[in-house]
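I have a structure I would like to understand better, so I am pasting it below and will then ask my questions one at a time.
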Amino acid sequence: MTVLEDSPFVRACRGLPVTRTPVWFMRQAGRSLPEYRKIREGVGMLESCRRPDLVTEITLQPVRRHNVDAAIFFSDIVVPIAAAGIDLDIVAGTGPVVAEPIRAESDLARLRELVPADVDFVTEAIKLLVAELGETPLIGFAGAPFTLASYLIEGGPSRTYLKTKAMMYGAPDLWNALLARLADITLTFLRVQVDAGVSAVQLFDSWAGALSEADYRRYVMPHSARVLNGLLGAGVPRIHFGVGTAVLLEAMGEAGADVVGVDWRTPLDEATRRIGPDRAVQGNLDPAILFAGWETVERETRRVLRQGESAPGHVFNLGHGVMPETDPEILTRLVALVHEVSGS
Ligand code: CP3
């Protein structure tokens with residue numbers, strides 16, 4: 001295995017002392033970069049995720065440009081469910097769209113188990129990437145069962161999660177069968193990435209913030225915990241992230257995370273009090289601050305670094321993904337600032 005234990009990123013995930021606070025950005029690869037827009041011309045999102053040459057190039061683009069401390073494997077959370085038989089597309093400007101949503105017991109058969117051979121292209125891309133990246137760790141990722149279920153049940157992005165919650169509250173047996181299947185798929189998908197050489201994994205439960213703590217613990221956490229605990233022996237740090245999850249931070253840590261991702265709504269010192277002293281934190285500059293001028297970026301970055309000092313480990317990131325309109329030069333400057341302010 002190739003976990004880069006001495007890298008600032010892995011050390012911070014493990015709560016060990018670092019020479020500087022490591023930094024990477026969710027969605028660092030993507031539309032904020034002109035070189036990304038160019039290479040994606042005429043190639044669909046799902047197709048680009050299935051081509052190891054493109055995945056490798058797109059993953060490396062932000063590493064070359066910004067000097068970030070980690071790369072994130074270029075893919076999407078719906079790639080494994082497409083590989084497990086669901087007919088879907090990723091529509092530019094919208095997100096994942098599922099042709100026939102899952103609404104009834106009889107629909108479950110269309111979501112079969114994932115076997116590693118279904119995602120050979122992932123193994124191939126990660127092997128190429130690990131060789132190219134050298135001392136820079138590669139982060140693997142997957143969508144968590146709740147967030148994946150929301151796309152499968154709604155058929156696409158949603159503001160209210162009405163159909164998702166209707167199934168969760170009204171048909172708990174079907175709900176648990178669906179989430180258990182998704183947990184299996186997710187665990188297989190993450191194990192494939194670990195076996196191919198990633199140094200950490202991030203479980204994205206982006207939309208879990210739609211739930212109360214009690215409902216999260218009852219209907220969602222057991223399934224996410226099965227994924228995270230299933231990786232316990234894998235030897236890689238596990239990051240668990242969601243948006244709008246202030247009331248869920250403690251539970252998301254308990255689910256089996258080494259690092260809890262925090263959005264911009266909760267200061268990192270307060271987040272650490274809730275999560276406890278055993279886990280590191282990741283975050284949490286508001287991605288919108290990057291549009292407010294450099295002076296503001298610098299002030300807010302210093303604040304985030306200061307508040308992050310109360311955690312046993314801090315991985316600097318945004319509170320959610322880079323917005324497509326972001327000036328990439330600000331991101332490069334931000335990486336240098338984090339390194340300068342936190343460096344010993
Ligand atoms: O750099 C990275 O962070 C790695 C790549 C990555 C993508 N999707 C590429 C992508 C990652 C980690 C994801 C995860 C993902 N996908 C999540 C969880 C993270 C989050 O943002 O909360 C979710 C909810 C999805 C589902 C999804 N896929 C959405 C909401 C969208 C955006 C729709 C749009 O066009 O604005 C996608 C499409 C997508 N995934 C794009 C990229 C680069 C844009 C498609 C394109 O460039 O054509």
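Throughout, read-outs are computed from the coordinates displayed, never taken from laboratory work. For clarity, every value in this text was computed on a predicted model and none was experimentally measured. FYI the Cβ positions are ideal-geometry reconstructions off the backbone, even for glycines, and counts take in every protein chain you see.
When 74, 189 are ordered from fewest to most other Cβ atoms inside 10 Å of their Cβ, what list results?
74, 189
So how do 158, 224 line up by other beta-carbon neighbours within 10 Å, fewest first?
Taking fewest neighbouring Cβ atoms as first place, the list is 158, 224.
Going by how many other Cβ atoms sit within 10 Å of their own, how do 49, 13 line up, fewest first? Intermediate values should be presented prior to the final figure.
On the way: 49 25, 13 28.
Ascending number of Cβ neighbours within 10 Å: 49, 13.
Treating only the Cβ of Lys, Arg, Asp and Glu as charged (+1, +1, -1, -1), what charge dipole size does the chain show about its Cα centre? Round to the nearest 20 debye.
The calculated dipole for the chain is roughly 400 debye.
Which length gain, in nm to one decimal place, applies between residue 14 and residue 247 when the Cα-Cα distance is subtracted from 0.36 nm times their residue separation?
Values: separation 233, 0.36 × 233 = 83.88 nm, distance 2.37 nm.
Residue separation times 0.36 nm, minus the Cα-Cα distance, leaves 81.5 nm.
Right, next: Please tell me the relative contact order of the stretch 52-141 in percent, rounded to the nearest whole number, where contacts are Cα pairs under 8 Å and at least six residues apart.
Across the stretch 52-141, relative contact order equals 41 percent.
Cut-off under 21 Å on the C-alpha distance; same-chain residues fewer than 8 positions from residue 38 excluded. Which lysines are left, in chain and number order?
none
Which whole-angstrom value gives the distance between the alpha carbon centres of the stretch 289-344 and the stretch 63-117?
So the separation of the two Cα centres works out to 29 Å.
Along the positive direction of the dipole of the chain (beta-carbon charges: Lys, Arg +1; Asp, Glu -1; about the Cα centre), which of 223, 235, 155 reaches farthest?
Of 223, 235, 155, it is 223.
Counting Lys and Arg as +1 and Asp and Glu as -1, each charge on the Cβ, what is the dipole of the stretch 1-98 about the Cα centre in debye, to the nearest 20?
360 debye
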